[in-house]
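See structure below.
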Amino acid sequence: MTRTAESGMLVAAAGVAAFGVTLVILAGGQTIDSRIGLTFAVMVAAFGTVHMAIRRWAPSASTVILPPAALLTAISLAEIHRLDPVRAGLQQWWLLIAAGMTVALLFFLHRRGTATIRRYRYLYLLTGLILLLLPLLPSTGPLPVRGLEVNGSRLWLVVDLGITEIRFQPGEIVKLLMVLFLAGYLAERQSALAERPRQLGPFKFPEPRQLFPVVAVWAVSLVVLVVQRDLGASALLFGAFIGMIYAATGRPTYLLIGAVLTASAGYGAYRLFDHVERRFLAWIQPFQNFEDAGYQVAQAWFGMGTGSLAGSGIGLGRPDLIPNAATDFIYAAVAEELGFAGSLAILAGFALLIGVGFGIALRCRDRFRKLTAAGLTWVLGLQAFLIIGGVLRLVPLTGITLPFMSYGGSSLVGNFLLLGLLARISHEEPA
Amino acid sequence: MNRPTRRLAAAVLIGFALLGLMTTWVQVVAADTYRLDPRNARFNLTQIGKERGLIVSADSVVLAQSDPDPATTGSFIRSYPTGPVFANVVGYSSLLFGEQGLERAYSDDLRSRRDLTISDLLSVILGRDLRPLNLQLTLTDSLQRIAFEALGGQAGSVVALDPTTGAILAMVSTPSYDPNLLVGVDAAAHWQTLLADPGRPLADRATRELYPPGSTFKTVVSAAAFETGLANPESTFPDEASFQLPGSTATVDNAGGTNCSNGVTTSLLNAFVRSCNATFARLAIAVGAEPIGQVAEGLGFNQELPFTWTVAESAFLTDELSADLAALGQSGIGERDVRATPLQMALVAGAVANQGVVMSPYLVGRTFDADGAEVDTSELAIFGTAFTPETAALLTQMMERVVTEGTGRQAAVPGVRVAGKTGTATGVEGRPHAWFIGFAPVEAPTIAVAVFVEAGGSAGESASGGAVAAPIASQVISGWLNR
C-alpha cells in the first residue's frame, strides 16, 4: 500500500468518526452542529500529523500500522460521544496530545534510530518502578502530585497544574518502559537464559543468577497486585514479561513457570481481596449475582444480545445501562449499538494491527528490534484480549483499558507511542 | 528466534478467534436468551406503546385490547374493558410492574413482531405477518360475571370447568383489582395501595392459594374406600357423635355434636349426605393413608398441575400420615395435612362427573391472527385416571343425595339433577372457610364447579359450606345450563 493510499484511509476513518457523531446527534433529536466538523478535524489533525511525521522521518515504515488504529479510534470517538459528550471532548484533546507526543518520539529517533533506546534500558526499569509507585503518594497534601484510589484500585496519579488537574494512569506508560527494558536486557542475555546447566529431578534450569530478573519482575507485578490492588495492570506486566522471555529463549519452561506463578498469585488475590472475589463471581455467575457483583457483566450481555446482528444503531440502544460503558466496557457498548458487525470490525481491526506488528518483528534482523516489536505487539494483543475476554467471560474481568477505544488519556498516549515505536522499527528494517 | 515469536503471534490470533466465537455466541446464537431475559430492561423499553393482541372470551366479549394513543400517533394504550371481573385470569401488561396472568403466559404471541431486529426484517421479506396474535379463551363472560356477582363482594373463588374437556368456563378470584389502574398514570401509587390492601386483591385465590378443603375431601376418602373394596355406600359404621383418635387425647366431632343417625349404626351414604365427621375419621384410618394418597395424586395432589402458569401444589402428606393415625383421622375430613386450591377441588368434582378421568385444565381455546384466521387450537389432554367408572357412579349417587336431602340442598337447581358435596373447614379466627364442589346435570355433566368463600364471607362465624357456598354453586350451574 502506498503512503497516499494510507492517507486516504486515514481521512476515511475521520469520516467514519464524523458520520458516527452525526448519527448520535440525529438519534438524540438534536440539530446538527460544529461537533461533527470538529471531530473530523481532530481525527485528521491527529493521524495526519503522525502520518506526515512518518513520511518525513520514517519514510520506509509500514503503511498498515495507522489505518486500523485510526478505524478503532474513530468508532470509539463516536461511541464515547454517544455515551458522554463531555468526555468525548476531553478524549479529542488527549488524541491531539498523544499524536503530538508520537510526532516528538519519531523526531527524537529519526537520526540515530532505536539503537539509542537500547542504551538506557536500566533507566526504563527505574523510571517504570518509580511511576508504578507514584500512585501510592498521599491523596491529600501540599504536593502537586497525588495518588488516587478508584473502585478499590490505587492506580491513578493526579497532577495539579493550578488551573486544572490532570488524571493519569502511569501503568499505561510503564508497560512500554517494561517492554523496552526487557528487550534490551533479553537481547543481551538471551543465550544465558536459554542454557540450562542446572538440573532438579526431571527439570532443567538456567543459572539462578540469570533467573534474578524473572523473579524481580514477578515481584514487581505482585507489588502492583498487592499494594495497588490492580489485577489488570499486574496481569499485563507479568504477561508481557513471560511472553518476551519466551520469544527470546524459545523455552516453554518459562511459560509453565509463568502459568504457575500467575495462578498462585491469582488465587492469593482471590483469597485476600474482596473486590477480586467479586470479580470472580461476576465472571463465573454474573446472572445469579445480578443484583450486585454480576450486574455489570449481565447488563453488558443483555446489551450485546439485544444488539444482535445489526445492532440497535448508534444512539438508539441503551449502553448507558452498563456501568463504566465508556471505559472498561466500550466493547459491549459498541457491540450493542453496532451489533455483531461492529464487534467483528473491532476484532478484525485489532487482529490486523497485531498481525502487522508481529510481521514487523519477524522481519527484523536485529535482536533488540525484533524483541521490541514482538513485545509491543504482544502487550497490545494481550491487553485487548484481557479486557474483551473479560467482557465476554472468557477470562476473569480485569479493569484495564481497551487500546485506542476506552475513554482515557493515558491509554491513548501509551498506545500511540507504541504505534510510533513500531513504525520506527519497521522503517529501520524495511521489508 | 522467529519460531517462538510466530507462536506468540499464533497464540494472540487464536485468542482473538475465541473472542470472535464468544461474540458469535452472545450476539447471534444465544442472542434471544439475553435479549428476552426479564431482567433486561431494553426489551421492555422497546415494547412501550407497541400494539398487543386482543384477548376475548368464548362468547366474544373483549377482555383486553390495545387502543390508539390519542397523544402519540402510532402508539397504543392497553385497556381491560371488563376490569376486575377477569383480572386474575387476563392479568396485566405494565411497563412498571411487568406482566401477569395470560398477558405474561402468552406474551410472546400477544406482542407485535415489529421490533426492527434482523429476524423481523427477514420475516417481512418472507411475507410473514408481524401483527400480534389474538387469544380466545374458553371462559365465557356471562358465566364469569354470574360467578363474580354471586360471590357478592366476599373474599373467595369460583372455578367452573367442562369435566369432559378440561376447558375452564369461569375462574373468579375476589377481592379483585382493576388492571387498568396498573397501566395508566399514577400506576405506582395504585400498585402501592393494592400491595397494602389487607384483602390481598393481587392474590389469585383460584390457583395460587392453598386452603384446607374440609368435608369436600370426603369424596376423595370415599373414592379410596370404594377402590380398595373396603366399603360401599351401604356399609355400616358405629354411630357416634365423637370419634376418639388413636394414640391421642383429641377427638373428631360431628358438626353440632350430635349423632349421625339412630345412635347405633349409620350407613356410609347417610354419613356422607349429612357430612358426619366421626364416621369419616374412622373410615380414613380404616382405609389407610396409602390408598387415599393414591386417589388424591391421581386427581392432581402432590404435584404441579399442567396449567397455563405455575399453580400452587395441592397436598396430601401420605408419608407423614402413614405414621400418624391420629393425624390421618383428622385429614380424613379435609383438615390437618390436606391443602387444596379451588382449581384442584374443581378437578375432583370434574373427575367424578367424567367417570374418574381427569382432563388437564386450560384457559385458551384458540389463537387467531389479525385477519381472524385460526393459528392454533388447544388440544385436549388427559391428565390421568383417578378411579374407576364404578367408583365414580357410587360417588355420583351419594353426591346427588347431598343436594336432594343433605347438607347441600341450597345448591339445587329446579328441573336439574345436581350432585355435590359441602365443606366447612378451619378458617380464620373462628370464621370457617365455606366450600362446595359439584356438577350437573347428573345424567350428562357439562359443568363441574368448586366454590370457596374465605373465612365465612359475610356470614362470619355462623358460616357453613351448605349455607354460604352451595347457593353460589346453584347460581353458577343454573347460569351455565340456562345460557
Just need a number here: residues in region A:21-40 that are within 17 Å of residue A:319 (Cβ to Cβ) and at pLDDT below 85.
2
One residue from B:9, B:41 being facing chain A (nearest Cβ under 7 Å) and surrounded by 18 or more Cβ atoms within 10 Å (Cβ to Cβ):
B:9
Residue count for region B:332-387, restricted to those that are part of a strand (DSSP E or B) and either closer than 15 Å to residue B:220 by Cβ or out of contact with any strand residue (DSSP E or B) (no Cβ under 8 Å at 6 or more places or on another chain) (or both)
6
Considering residues of region B:42-95 that are of a type in the set (Phe, Trp, Tyr) and not in a loop (DSSP other than H, G, I, E, B) only, the residue nearest to residue B:373 (Cα to Cα)
B:76
Within the set of pairs 6+ apart or on separate chains, which have a first residue in region A:12-31 that is within 18 Å of residue A:86 (Cβ to Cβ), a second that is aromatic (Phe, Trp, Tyr) and at pLDDT 95 or above, and C-beta atoms under 7 Å apart?
A:17/A:40
Please work out which one of (1) closer than 24 Å to residue A:282 by Cα; (2) in a helix (DSSP H, G or I); (3) in contact (Cβ under 8 Å) with a residue 40 or more places away in the chain; (4) within 10 Å of another protein chain (Cβ to nearest Cβ) is the condition residue A:357 fails and give its number.
(1)
Going through A:346, A:388 one at a time, which residue ends up being β-branched (Val, Ile, Thr) and either more than 27 Å from residue A:157 (Cβ to Cβ) or in contact with a strand residue (DSSP E or B) (Cβ under 7 Å, 6 or more places away or on another chain) (or both)?
A:346
Out of everything in region B:379-394 that is closer than 23 Å to residue B:169 by Cα and in contact (Cβ under 8 Å) with a residue 24 or more places away in the chain, what residue ends up being farthest from the chain's Cα centre (by Cα)?
B:392
Kindly evaluate residue B:156 against the criterion of being at pLDDT 90 or above and either touching a helix residue (DSSP H, G or I) at 6+ places or on another chain (Cβ under 9 Å) or closer than 15 Å to residue B:347 by Cα (or both).
yes
Sole miss for residue A:290 among (1) under 30 Å from residue A:77 (Cβ atoms); (2) within 7 Å of chain B (Cβ to nearest Cβ); (3) assigned to a loop (DSSP other than H, G, I, E, B) is condition (1)
Any residue at all in region B:65-84 that's out of contact with any Pro (no Cβ under 9 Å at 6 or more places or on another chain) and facing chain A (nearest Cβ under 7 Å)?
no
Failed item in (1) free of Cβ contacts under 8 Å to residues at least 40 places away in the same chain; (2) surrounded by 19 or more Cβ atoms within 10 Å (Cβ to Cβ); (3) not in a helix (DSSP H, G or I), with residue A:44 passing the rest:
(3)
Is there any pair linking a residue in region B:196-220 that is under 18 Å from residue B:456 (Cα atoms) and touching a residue at least 40 places away in the same chain (Cβ under 8 Å) to one that is of a type in the set (D, E, K, R) and surrounded by fewer than 18 Cβ atoms within 10 Å (Cβ to Cβ), with Cβ under 9 Å and at least six apart or on different chains, and which?
B:209/B:200; B:210/B:313
Of the numbered conditions (1) within 13 Å of chain B (Cβ to nearest Cβ); (2) in contact (Cβ under 8 Å) with a residue 12 or more places away in the chain; (3) part of a helix (DSSP H, G or I); (4) more than 11 Å from the chain's Cα centre (by Cα), residue A:423 fails exactly one; give the number of that condition.
(1)
Report the residue count in region B:36-63 for those that are in contact (Cβ under 8 Å) with a residue 40 or more places away in the chain and closer than 30 Å to residue A:321 by Cβ.
9
In this structure, is residue B:1 within 30 Å of residue A:395 (Cα to Cα), modelled with pLDDT of 90 or more and of a type in the set (A, V, I, L, M)?
no
How many residues of region B:12-38 are at the interface with chain A (Cβ under 9 Å from one of its Cβ atoms) and assigned to a loop (DSSP other than H, G, I, E, B)? The answer is 3
Can you tell me which residue among A:332, A:326, A:341, A:345 is modelled with pLDDT under 90, under 19 Å from residue A:74 (Cβ atoms) and more than 8 Å from chain B (Cβ to nearest Cβ)?
A:326
Over region B:278-303, the set of residues touching a residue at least 24 places away in the same chain (Cβ under 8 Å) and part of a loop (DSSP other than H, G, I, E, B) is B:288, B:300, B:301
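The values are calculated or read from the model by the stated rules, or taken from the named source; none is laboratory data. What you see is a predicted model, and the numbers here were worked out from it, not measured in a lab. No Cβ is skipped: glycine too gets one built from the backbone with ideal geometry, and neighbour counts run over all protein chains shown.
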